[in-house]
Amino acid sequence: MRRKKKIGIIIILIVILALGGVLFLKLGGRSFEIGGSNSPQSLNKKGVSPITGLECENYKRRPFAVMLAEDPVTRPLSGISSADLVIEMSVITGSITRMMAVYGCQSPTEIGSVRSARHDYIPLAMGLDAIYCHWGGSHYALDKLNAGIMDNIDALKNPHNAYYRKPGIPMPHDGFTSMKRLSNAAQKLGYRLTNKFEGYPHLEKSKVKSQKSKISKGRLTVGYPGQYRVFYEYNQETNTYLRWRAGEKEIDKNNGKQVEVSVVIAMRAESRMIEPPDYNDVDVEGEGEAVIFQNGEEIKGIWRKTGKYSNSKLYFLDYSGNEIKFTPGKIWIEIVEPYQEVRWEPTE
């Protein structure tokens with residue numbers, strides 16, 4: 001009997017100690033359960049963008065690639081400085097250029113003027129695992145998009161009110177959107193919202209400092225014709241390139257600031273007219289010459305993209321076949337003809 005009593009007391013003591021341990025762990029209302037809401041893993045809400053190499057809260061968000069106009073009447077563009085990456089190239093050989101702005105980290109409240117899709121941009125958007133956003137498009141592009149080649153949001157269909165027309169602006173330049181509208185539409189369309197893009201390699205901060213050029217200023221000219229001509233001014237103090245177009249600063253209407261990027265890439269690719277005078281075809285898949293401008297220096301190499309309308313990444317390689325590491329920050333890719341001028345001039 002006494003023995004049973006002792007065993008009962010021991011069991012009670014064990015239960016009390018166990019309960020006390022649980023209360024201790026939850027002291028102050030905090031739970032230290034592994035993987036819980038207050039664990040070290042969950043307290044760190046920021047990660048690194050696979051495109052820019054910079055910390056951002058939306059680093060896991062699947063990017064949205066939005067087609068933007070470059071017609072002079074559309075300037076200044078809204079939301080252009082918020083893009084992680086922009087790809088610019090001619091949509092008519094030797095003439096009009098257009099941009100595809102890729103948004104991941106930032107969420108501009110207004111993006112536009114939104115313009116039509118072109119088939120050359122589709123494999124580039126696919127290679128970034130982006131959702132392609134556009135206002136209609138050429139029949140070459142729409143044939144592929146309507147057949148389901150990739151996730152896209154077309155303003156002509158305007159699913160879930162993803163786009164709107166802005167009063168006081170002449171058509172077709174009055175089309176606008178926002179990250180909130182695009183994200184809402186993508187979610188309701190059932191598109192995957194988590195990014196699978198493997199990203200670009202980036203230099204560590206210490207290596208960026210060691211690789212910075214001794215020059216304090218410089219100018220990079222990209223020889224698009226006439227009013228589409230572009231140049232960038234390099235400033236060593238900020239280690240960035242300020243963008244100019246047609247002799248004027250490239251201003252973002254949302255914040256009144258000049259577009260400023262860390263890396264500019266000149267990518268040479270041939271084009272040809274396939275339906276004069278409206279449409280051309282650019283060789284954005286395959287391989288060609290590339291020059292990377294960063295840290296006040298120019299690095300010569302090659303670009304490579306395999307497949308035909310595939311999800312393969314657009315690589316930038318040195319002549320040994322190694323990926324070139326970028327300075328962390330925003331990237332602009334200028335796709336130019338083999339004969340077009342790309343000139344870097346230190347000014348001091």
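The values are calculated or read from the model by the stated rules, or taken from the named source; none is laboratory data. Not measured: the values here are computed from a predicted model. Methodologically, a virtual Cβ is constructed for each residue, glycine included, from the backbone with ideal geometry; neighbour enumeration extends over all protein chains shown. SASA here: full protein model, heavy atoms, side chains in, ligands and nucleic acids out. Shrake-Rupley method; radii C 1.70, N 1.55, O 1.52, S 1.80 Å.
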**Asked** Using a probe of 1.4 angstrom, how much of the accessible area of the chain is carbon and sulfur, in percent?
**Response** 54 percent
**Request:** Report ³J(HN,Hα) in whole Hz for each residue of segment 239-249, in order, from the Karplus equation J = 6.51 cos²θ - 1.76 cosθ + 1.60 where θ = phi - 60°; Gly and Pro get x.
**Result:** 6, 9, 10, 8, 8, 10, 9, 6, x, 10, 4
**Entry for Rg and Dmax of the Cα atoms in Å (calculated from the structure that is shown) out of [x] 25.6, 104; [y] 19.4, 56; [z] 22.4, 92** = [x]
**Message:** If you average the alpha carbon positions of segment 118-161 and of segment 65-98, how far apart do those two centres end up, in angstrom?
**Reply:** 16 Å
**Message:** Through the Karplus equation 6.51 cos²θ - 1.76 cosθ + 1.60, θ set to phi - 60°, convert the phi angles of segment 291-304 into ³J(HN,Hα) values in whole Hz; use x for Gly and Pro.
**Reply:** 10, 9, 10, 7, 6, x, 10, 10, 10, 8, x, 9, 10, 8
**Complete:** Counting only DSSP loop positions in segment 180-246, the GluC sites (Glu not before Pro) whose Cβ has at most 13 other Cβ atoms within 10 Å are 198, 204, 237
**Request:** Check every DSSP H run in the chain and write down those whose alpha carbon atoms cover 20 angstrom or more along the long axis and whose mean Kyte-Doolittle hydropathy is 0.5 or greater.
**Result:** 2-25
**Prompt:** Can you pick out the pairs among 305/330; 157/253; 196/305; 60/196; 217/249 whose Cα atoms lie more than 19 Å from each other?
**Reply:** 305/330; 157/253
**Complete:** Per the C-alpha gyration tensor (a ≥ b ≥ c, the square roots of its eigenvalues), segment 220-294 is rounded if a/c is under 1.5, else prolate if a/b beats b/c, else oblate; here it's oblate
**Request:** Give me the accessible area per residue for the chain, probe 1.4 Å, as a whole number in Å².
**Result:** 50 Å²
**Fill in**
Cysteines of the chain without any disulfide-compatible partner (other Cys Cβ under 4.7 Å) are 133
**Fill in**
Yeah, segment 70-193 with a ≥ b ≥ c from its alpha-carbon gyration tensor (a/c under 1.5 is rounded, else prolate when a/b outruns b/c, oblate otherwise) is rounded
**Complete:** By the C-alpha gyration tensor axes a ≥ b ≥ c (rounded if a/c is under 1.5, else prolate when a/b exceeds b/c, else oblate), the shape of segment 176-317 is rounded
**Asked** For segment 235-253 and segment 314-348, what is the separation of their C-alpha centers, rounded to whole Å?
**Response** 17 Å
**Message:** Can you compute the helix-only [θ] at 222 nm over the chain? Use -39500 (n - 2.57) per DSSP H run of at least 4 residues, normalise by all residues, nearest 500 deg cm²/dmol.
**Reply:** -5000 deg cm²/dmol
**Asked** Hey, what do the phi angles of segment 66-74 turn into as Karplus ³J(HN,Hα) couplings, whole Hz, using 6.51/-1.76/1.60 and θ = phi - 60°, x for Gly and Pro?
**Response** 10, 6, 10, 6, 10, 4, x, 5, 8
**Request:** Heavy atoms only, probe 1.4 angstrom, no DNA, RNA or ligands counted: give me 300, 205, 330 ranked by accessible area, highest first.
**Result:** 205, 300, 330
**Asked** How many nm separate the modelled label positions at residue 57 and residue 308, each set 7 Å beyond the Cα in the direction of the Cβ?
**Response** 4.5 nm
**Request:** Could you please state, rounded to a whole Å, how far the C-alpha centre of segment 179-193 is from the C-alpha centre of segment 273-295?
**Result:** 30 Å
**Complete:** Taking placed amide H atoms and a strict 5 Å upper bound, the residues 5 or more places from residue 153 or on another chain that come that close are 132, 133, 134
**Long-range amide H partners of residue 137 with built H, under 5 Å** = 117
